[in-house]
Amino acid sequence: MIKTGIVWLLLMAVGFTACSEKERKQDITSEPSASQVQMAETDAGSETLTAKADIITSEKEKSAEMIYAYTGKAVLEIEPADNSSAEAFIFLLEEGDITVKMHDYGSFEKVGSLDRRLPTNNEQITTEPGDVILYQGNQITIYYDTNTWNFTRLGKVIDLSRKELTDALGDGDVTVVFSLSRDSWADADSQ
């Protein structure tokens, strides 16, 4: 009986050794398992998590960013839309202010050309006063009345009534400077 027990223990030891050898060979010759990848990511953990946190923080900061439009009479605060078109517009504004000569169209909007095309996210929209819309990828409009069409929303002017908006945009042509900084025009509201 003792002999049988010793033989059994030896067979188990050989079996464990063989399993371990097989796993080592598999580790060398095959792709890593999901748990091995997870362990490697955990080892690189702080770097990976820090990079992910930086990306998330950066995205939150972008979404909280305001766009400003200086009309010569007022500074319009524009809350950006949550789409790739608004992100592309903000990216352009990070390079510097964008000046657009705008004119009335259809008695419901001011429209002007951008010098570049932006990605579109068109959807059927009925605009409201204050909507900032991308049209055909290279036209930016600020609505002071309603219109229904296939548009891409870039943002929305906040805290202005229709009258305040039309007063800020004025009659006829207007040059509007879009920016990520309000500092340059802080005194415009008092004029």
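Each reported figure results from applying straightforward, stated rules to the coordinates on display, with no laboratory input. All of these numbers come straight from a predicted model, not from anything done at the bench. Note that we place each Cβ from the backbone using ideal geometry, even for glycine, and neighbour counts take in every protein chain shown.
Tabulated data for the structure shown
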| read-out | value |
| --- | --- |
| Around Met66: net Lys/Arg minus Asp/Glu count, Cβ-Cβ under 10 Å | -2 |
| Highest to lowest packing among 74-80, 163-169, scored as the average C-beta count within 10 Å | 74-80, 163-169 |
| Using a Förster distance of 22 Å, the FRET efficiency for Asp159-Gln124 (Cβ separation, nearest 0.05) | 0.25 |
| Summed side-chain charge close to Arg162 - residues other than Arg162 whose Cβ falls under 10 Å, Lys, Arg +1, Asp, Glu -1 | -3 |
| Trypsin sites (Lys or Arg not before Pro) lying in DSSP loop within the range 110-146, provided at most 14 other Cβ fall within 10 Å | Arg116, Arg117 |
| Highest-first arrangement of 133-139, 99-105, where packing means the average Cβ count within 10 Å | 133-139, 99-105 |
| Net charge contributed by nearby residues that have their C-beta within less than 13 Å of Gln139 (K/R +1, D/E -1) | +2 |
